[in-house]
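The values are calculated or read from the model by the stated rules, or taken from the named source; none is laboratory data. Treat the numbers as computed from the prediction; the structure is a model and nothing was measured. Here the Cβ positions follow ideal geometry from the backbone for every residue, glycine too, while neighbour counts run over all protein chains shown. When the accessible area is computed, the model is the full protein with side chains, heavy atoms only, and any ligands, DNA or RNA have been set aside. Shrake-Rupley method; radii C 1.70, N 1.55, O 1.52, S 1.80 Å.
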Amino acid sequence: MAVQILPNELVIAILDEAQYDDLLPRYKWLKRYCRVCHAWRPIAQRLLFAHVALLGGAAQCKIFKDAVTQSSTNLPHLVYLRESVRMLSMVVDHQEVYGELIELCPNLREIQLRVHHAFFRANVLSRIVRGPRVEALRLRTYHVRPMLQLLKIYEDSLRYLEVDYQGALQATPESLGLPLPALRLHELRYSCGYRETHAFPEWLLSGTSRETLQVLHIRCPSFQLGTLAVSGVGARLLSLATDATCADEDLSLLAPSLREFATESTRTSASALSRLPPGIIHISLRDVSEQPYRDIADGLATYHRRSDGSFRVLSYHRRRYAEKHDEMEDVRELYSFCEARGIEFRLFQPAYGHYAGERVPLGPVHSFPRPMPVSVRREMPDVHTLSVASQRNRSLIRRMVKAAGKAFGESIPAVVLAKP
């Protein structure tokens, strides 16, 4: 009896899907697939080497380098493995081996680096320059200079940039006399908890990226949203995520083409929500349980009336997990708002990103809301039960304490609410 051979494309699709366990690739599974048969071996090895994570420092990187270079008997296969690497993650210092690895992988699309040193030495930079031109870069660093060195190398190819800056800004691009960046970014994610570090994202937005940027995710205490209008970025921006309260900003003027808006502040301004530009499809809110959430719902209702039906999805990211029905009044309020208007309500409790693997990938934007991989450990609550009001009668003291907490903006100790 003849054996039906599956097309390679179908085998690749099956193994690509089968390698994941709750959003995370399981390399030991791919190693087993490599030993199933000769037909599966090259396909599984290509998937195994697609994302290489070398987080153990220079010693681990040298071991990997030797494994894919030092063989005189099977050189074509080693070339095949190096060509399979699409994403490379490393914790780097000043040693040359990191640049050698980047140079060895000709088909790299994305590089993820944790940089602990103040700058790249000339020998390392020369290796990186001879490597491929990547289109996505994720960078965590404590210094400005290595960021600038990498951006200079990839300024012609880079389209997606994520910067997690962990230090104070030692020097601004202006003080360094840097020209406007020639980057043509489609997506920028910038995060820094320090104040007075806004000069770097403002510098990035002042270059040619203002003509191409579609997605901006910024978490910086001193960044002013008015920069969007000054730089000209806001006119073409489709998705904006910010930790600003937006109380004094009119986003309908700053970013009139927005299709997605996410606030990561727990002090969201209801008036800012009501002034969002018409045309937004997806709004994402952080925990407002400590706020007057009815005002938030009123602000959303005001916006819905002027959105011409474009507002279709509301995501709510709650920090704390409430088991008691009467502790979810904010959720019920937002759900009732959505149910009455035919808006899809998505509840994330705890907030999205709590579980490993929950992250919106860097890549082209085709629709809103963007696809959000969700962990199987996340218990998605049945929001349909939220419209049922709690039958539990509250005591007079409990209602007084709750009203006082809202009035003074302070959290009331749990012991006060405890039964005698």
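The mean sequence separation of alpha-carbon pairs under 8 Å and at least six residues apart, normalised by the residue count of the chain, gives a relative contact order of 8 percent. Full extension of the chain segment joining ASP16 with LEU55 gains 11.7 nm, where the gain is 0.36 nm per residue of separation less the Cα-Cα distance. Residues of the stretch 260-303 with amide nitrogen under 16 Å from the 7 Å Cα-to-Cβ point of ASP250? Correct set: 271-278, 303.
Net charge within 12 Å of SER271 by Cβ-Cβ distance, Lys/Arg positive one each and Asp/Glu negative one each, not counting SER271 itself?
-4
The angle between the Cα long axis of helix 8-18 and the main principal axis of the chain comes to about 50°, on a 0 to 90 degree scale.
Once neighbouring chains are kept in place and the probe is 1.4 Å, which whole percent of the accessible area of the chain is contributed by carbon and sulfur? Summing carbon and sulfur atoms, their accessible area is 54 percent of the total for the chain.
Would you please name the chymotrypsin sites (Phe, Trp or Tyr not before Pro) within the stretch 176-211 that are DSSP coil residues with at most 14 other C-beta atoms within 10 Å of their C-beta?
TYR194
For the chain, the solvent-accessible area with a 1.4 angstrom probe is 51 square angstrom per residue.
At 0.36 nm per residue, minus the direct Cα-Cα distance, what do LEU178 and HIS117 gain on full extension? Give it in nm, one decimal, please. The LEU178-HIS117 span can extend by a further 19.9 nm. Spin-label model, LYS62 to ALA229: label points 7 Å out along the Cα-to-beta-carbon direction sit 5.7 nm apart. For the stretch 109-196, how big is the tail of P(r) above 19 Å, as a whole percent of Cα pairs? More than 19 Å apart: 38 percent of the Cα pairs in the stretch 109-196. Under the shape rule built on the C-alpha gyration tensor, where the axes satisfy a ≥ b ≥ c, the stretch 33-85 is oblate, since a/c reaches at least 1.5 while a/b does not exceed b/c. Helical content alone sets the calculated 222 nm signal of the chain at -9000 deg cm²/dmol, taking -39,500 (n - 2.57) per DSSP H segment of four or more residues and averaging over every residue. For the stretch 266-381, the gyration tensor built on C-alpha atoms gives an oblate shape. Its axis ratio a/c (a ≥ b ≥ c) is at least 1.5, and a/b is not larger than b/c.
Which one, (1) 4, 19, 29, 26, 16, 5, 0, 0; (2) 4, 18, 25, 23, 17, 9, 3, 0, 0; (3) 4, 16, 21, 20, 16, 9, 4, 3, 3, 2, 1, 0, gives P(r) over Cα pairs in 10 Å bins from 0, in percent as derived from the coordinates shown? Computing P(r) over Cα pairs in 10 Å bins from 0, in percent and matching it to (1) 4, 19, 29, 26, 16, 5, 0, 0; (2) 4, 18, 25, 23, 17, 9, 3, 0, 0; (3) 4, 16, 21, 20, 16, 9, 4, 3, 3, 2, 1, 0 gives (2). Restricting the stretch 184-213 to trypsin sites (Lys or Arg not before Pro) that sit in a DSSP loop and have at most 10 other Cβ atoms within 10 Å of their own Cβ leaves nothing.
One chain, two ends: ARG378 and SER89. Fully extended at 0.36 nm per residue, the span grows by 101.4 nm beyond their Cα-Cα distance. In this structure, ARG133 and SER222 have a Cβ-Cβ separation that, at R0 = 35 Å, corresponds to a calculated FRET efficiency of about 0.60.
The loop-placed trypsin sites (Lys or Arg not before Pro) in the stretch 94-123, going by DSSP, that have at most 16 neighbouring Cβ atoms within 10 Å of their Cβ come out as ARG121. Compared with the dominant Cα axis of the chain, that is its longest principal axis, helix 75-84 is turned about 20°.
State the three equivalent ellipsoid semi-axes of the stretch 25-125, derived from the C-alpha gyration tensor as the square roots of 5 times its eigenvalues, in descending order and whole Å.
The answer is 26, 15, 11 Å, longest axis first.
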